[in-house]
Amino acid sequence: MPIIKSAIKRVKTNEKAGSRNAAKISATRSAVKKFENAKTTGADNVEDLYKAAVKAIDQAKAKGLIKANKAARDKSRLAARLAK
């Protein structure tokens, strides 16, 4: 643990940001998995889950949690999966 006051504050801030980022990434992955499971089982709300997954990916990209190329790749895969 640091001794300098500003370094102590930085550690606390980093821990909060890290947990927030981890939660957002987890929510994004969960949204994608929900869509995948719904598509596999042939559920009725596949379109809504697709939109939610794309929105989650876009929000993660906007926050800098994932890179732009990964977001585009993931959305492309979801769109291809939806079309099948």
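Throughout, read-outs are computed from the coordinates displayed, never taken from laboratory work. Keep in mind the model is a prediction, meaning the values are calculated, not measured. As a convention, Cβ positions derive from the backbone with ideal geometry for all residues, glycine included, and neighbour counts pool all protein chains shown.
Structure summary
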item: Size of electric dipole in the stretch 5-83: Cβ of Lys, Arg +1 and of Asp, Glu -1, about Cα centre, debye, nearest 20; result: 660
item: Neighbourhood net charge (14 Å Cβ-Cβ; Lys/Arg +1, Asp/Glu -1) for Y50; result: +3
item: Rg/Rh (Cα only; Kirkwood hydrodynamic radius) as it applies to the stretch 5-83; result: 1.14
item: Estimated 222 nm signal from helices in the chain, with DSSP H stretches of n ≥ 4 weighted -39500 (n - 2.57), rounded to 500; result: -29500 deg cm²/dmol
item: Fraction in percent of alpha-carbon pairs per bin - 5 Å, the stretch 18-62; result: 5, 27, 27, 19, 12, 7, 3, 0
item: Spatially proximal lysines relative to K63 (Cα-Cα < 19 Å; intrachain offsets below 8 disregarded); result: K16, K24, K51, K55, K75
